[in-house]
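Trainee: Quick one: the structure is below, questions incoming.
Every read-out reported here was derived from the displayed coordinates using simple, explicitly stated rules and does not represent laboratory data. Being a predicted model, the structure only gives us computed values, none of them experimental. Every residue, glycine as well, gets a Cβ built from its backbone with ideal geometry; the counts of neighbours run over all protein chains shown.
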Amino acid sequence: MPWRRPRKHVDRARDIGRSEEEALEEKAEHAEEDEAVELAAIDGASIVEAATGEAEDERMPSDLAAKLGAAAEGHEFRAWGEEAEDREVADREVADREVADREVAGRDRVVGTARPEDTSPSEAVVAHVEDGVDLEVEVARGLRLRNPVLTASGTFGQGVEYAELIDVSRLGAMVNKGTTVHARPGNPQYRIAETPSGILNSIGLENPGAAAVAKKYGKEWPGLRLPVIVNVAGYTVADYVGVVLEMEGTPGVVAYELNVSCPNVKGGTLFGCDPELAAEVTRAVKAETDKPVIVKLTPSAPDVVAVARACEEAGADGLTAINTVPGMRIDVAKRRPVLGTGTGGLSGPAIRPIAVHITYQVARAVSIPIIGAGGVTCAKDALEFLMAGASAVQVGSATFADPLAPIKTVEGLAEYVRASGLASIRDIVGAAQRGGKRDAGTEYVQ
Amino acid sequence: MILETGRVVASETVADLGTLIVVSAPLVAARAHPGQFVHVRPGERFDPLLRRPYSFNGIDRHAGEIELLVKPLGPGGEWIAQRHPGDPLDLLGPLGTSFVVHRATTHLLLVAGGTGIAPMKVLAEQESARRNVTLVMGGRTIHHLWPAHRLPAAVEYVTTTEDGSFGVRGRVTDALPQYIAWADQLCACGPWPMLAAIGRLRHDAARATTVVPGKEVLLDAQIAVEQHMGCAMGVCRACVIVTQHGNARVCREGPVFSLGDVRFAQGEPATVGLTA
């Protein structure tokens, strides 16, 4: 039994010995409280809000039940997303005031807050590097975007999260988190591990299900001013069709990207590993929608080019190359795999050469547009994919390290078009397939 | 939250707990609360790629500075721990939920294990002027304890070590019951086994048919948890834990949870159902 300080033996009493000053202070504090209560009664604010004049920014941990209450039915994060946004808007306003205050001393320290001005059409338009540069591309048949930079599925949520931090309307489009017909709880922990220049993940397609996604985000997507491509995943052909039917007519959605890296319930082969299966899914989805359908190729396929060709013949409007590469890490101390499921998908700069190679091969074999994906961190990386034959790129894991990476890629591409005297970014697509530029120095170092 | 390039002001090693880094980051400091964290970029390139989450170990709004306790784990943690005064540090934050001390609380009990001291130290600093605060900290040895002179003098500091090199021999939870009976409110942060042990105390108290001193305190306890994290923006769903109400993201719905909401399994976070 350790020694206890005597003053603390007072059993749950409020009135521990106070000096007169303290008593007076407390009295004054209570006067303020009373005032706050009155104020709160007038405008419906909480007491803290009324007292401070600012939106209350402390979140009670007990809110969890309310936040997650509807999750069981698949209606995930209805309440908390909005609450978080309100908080962030208030935070941003504070930040803006502070930035103005610190104009001389600290302005250049703030590198990336989405300002309300940026997204409000009534305000004066802020000049961007990419203004006046022709970056428009066709990323799939029938889908033209203002620039060739998209965000990859699973690394950009539903768009609303990063919209709190960056001006998402400067991007070409976003691909949402993989969506399945029914809600999925995802895989056991750990779900993520770091690898050299990359990430290994095994999230397990945790999502609230297509109906919940359509219901909640259909209201929010148009406000982002960012075209949305829905990433569709499933374990049967009917699953894929089900998601597309559920998402049809959702505001903001411009196309579908089929994640064919899922095992087929019948037989267990990945849809994307078998040209027949991939074509079957593509045909089934194409029959149900008029929107462009993009198939995301998996590097696990024994013959990716054959799968790409089969999808083109089945009516695919575009291809994404590539999905993650299977990988594993072992925890040496624990003598078992780090990830809960053992294996995971490798992404990040580590897989870029694989992705560029597949893009190059597929571009020779098909005539539909290709979106390059795999380790894009900047404009130079994006140019590798474009020159290999891709019409656009997706930025994925890089966003985790630098949330500004997608926007910096847009800016860098615009600068490249300007500096190279190109008429448009489209002129560079497939340049590496055409013999290249003879008067430039060789670049063999990274 | 905000992206801010902070500047390292000071750096020193604190026992075997890690490296204490003071960073000038006025915008992050201005809106930081105990329990919340910053996601720190471990380099200027993309290798290592993932940012590292650190709970605030100190918040000085006046000076516009924050304090982080960095354990040099992995290449990213090592890089951050090696920053020198004057170096820039890319911060994303503050993120997540914070501890909420009730207005009526007069006796606040804080429980810390390892680097879980961070938010407890901030709470001790912020609350010791208005309430009686007792901090109970456990570590393997005396070198795994937060130095007493770095706490406000008004805080009662109780320590336990597994090897008995300082304070009570044993684990934090061995020393806890009497303090729980004394407290109005409990906040804890530390490794999962420690939190799970407190969870068991809560579970037993909730089930008890006899009067348990401090039952309300346990029922109402708040904890901050750790999980391997990806984006910290709520998009990747790498950091989810299982709660009574379903999956919850540590980076958004957490890291501070109601103890009663979090599910444990054998001293670890309960795992999400089987793969489909």
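Trainee: Rounded to the nearest 500 deg cm²/dmol, what is the calculated helix-only ellipticity per residue at 222 nm for chain B, with -39500 (n - 2.57) per DSSP H run of length n ≥ 4?
Mentor: Working: 6 runs with 57 residues, N = 276.
The helix contribution divided over chain B gives -6000 deg cm²/dmol.
Trainee: If you don't mind, another one. Shielding by partners for B:252-259, please: the mean number of other protein chain Cβ atoms within 10 Å of each residue's Cβ.
Mentor: Mean partner shielding for this stretch: 4.
Trainee: Over region B:2-95, what is the relative contact order in percent, taking alpha-carbon pairs closer than 8 angstrom and at least six residues apart?
Mentor: RCO, region B:2-95: 40 percent.
Trainee: Among B:Val240, B:Val212, B:Val133, determine the one that fluctuates most according to a GNM of chain B built with springs between C-alpha atoms less than 10 Å apart.
Mentor: For chain B, modelled as a Gaussian network with Cα springs under 10 Å, the answer is B:Val212.
Trainee: Which angle from 0 to 90°, rounded to the nearest 10, does the C-alpha axis of helix B:172-182 make with the longest principal axis of chain B?
Mentor: 60 degrees
Trainee: Further, regarding this structure: Size of the dipole of region A:137-432 about the Cα centre, Lys and Arg at +1 and Asp and Glu at -1 on the beta carbon, nothing else charged, in debye to 20?
Mentor: The calculated dipole for region A:137-432 is roughly 360 debye.
Trainee: Please list, by residue number, every one of the trypsin sites (Lys or Arg not before Pro) in region A:403-441 that is coil in DSSP and has at most 16 other beta-carbon atoms within 10 Å.
Mentor: Qualifying residues, ordered by number: A:Lys437, A:Arg438.
Trainee: Which value does Rg/Rh take for region B:107-269 over its C-alpha atoms, Rh per Kirkwood?
Mentor: On the way: Rg = 15.6 Å, Rh = 16.2 Å.
In region B:107-269, Rg relative to Rh is 0.97.
Trainee: Related question: Mind checking the mean number of beta-carbon atoms from other chains within 10 Å of the Cβ atoms in B:198-209?
Mentor: Details: counts 0, 0, 0, 0, 0, 0, 0, 0, 0, 0, 0, 0.
Going residue by residue through B:198-209 and averaging, the value is 0.
Trainee: Hey, another quick one. Using only the Cα atoms of region A:308-446, construct the convex hull and provide its projected area averaged over every direction, in square nanometres to one decimal.
Mentor: Values: hull surface 44.0 nm².
Mean projected area of the Cα convex hull: 11.0 nm².
Trainee: Once the principal axes of the Cα atoms of region A:137-432 are found, what is the range along each, listed largest first in whole angstroms?
Mentor: Result for region A:137-432: principal-axis Cα extents of 52, 49, 40 Å.
Trainee: I've got another one for you. Using the count of nearby Cβ atoms within 10 Å as a rough guide to exposure, how do B:Asp174, B:Asp60 rank from fewest to most? The partial results should precede the final answer.
Mentor: Details: B:Asp174 12, B:Asp60 15.
Ascending number of Cβ neighbours within 10 Å: B:Asp174, B:Asp60.
Trainee: Oh, and also: Within 10 Å of each residue's Cβ, count the other Cβ atoms and sort A:Lys216, B:Lys215, A:Lys334 from fewest upward.
Mentor: On the way: A:Lys216 20, B:Lys215 17, A:Lys334 8.
Exposure proxy ranking, most exposed first: A:Lys334, B:Lys215, A:Lys216.
Trainee: Right, another one. Comparing B:Gly64, B:Gly96, B:Gly18, which has the greatest mean-square fluctuation in the GNM of chain B with Cα pairs linked when under 10 Å apart?
Mentor: Largest GNM mean-square fluctuation: B:Gly64.
Trainee: Also, quick follow-up: So how do A:Ile229, B:Ile180 line up by other beta-carbon neighbours within 10 Å, fewest first?
Mentor: Fewest-to-most ranking of A:Ile229, B:Ile180: B:Ile180, A:Ile229.
Trainee: If we sort A:193-199, B:19-25, A:131-137 on the protection proxy, mean other Cβ atoms within 10 Å, highest first, what's the order?
Mentor: B:19-25, A:193-199, A:131-137
Trainee: Please list 3J(HN,Hα) in residue order for region A:337-346, calculated via the Karplus relation 6.51 cos²θ - 1.76 cosθ + 1.60 where θ = phi - 60°; whole Hz, with x for glycine and proline.
Mentor: x, 5, 6, x, 9, x, 9, x, x, 8
Trainee: Something else about it: Work out the mean other chain Cβ neighbour count within 10 Å for the residues of A:397-408 and drop it here as an integer.
Mentor: Across the residues of A:397-408, the mean count of other-chain Cβ atoms within 10 Å is 5.
Trainee: In a solvent-free Debye calculation with one equal scatterer on each Cα, what is log10 I(q)/I(0) for region B:2-95 at q = 0.21 Å⁻¹, listed in the order of the q values?
Mentor: -0.98
Trainee: What is the set of long-range amide H partners of B:Thr106 at a cut-off below 5 Å, with H atoms built 1.01 Å from backbone N?
Mentor: Close amide H contacts, sequence-distant or interchain: B:Asp184.
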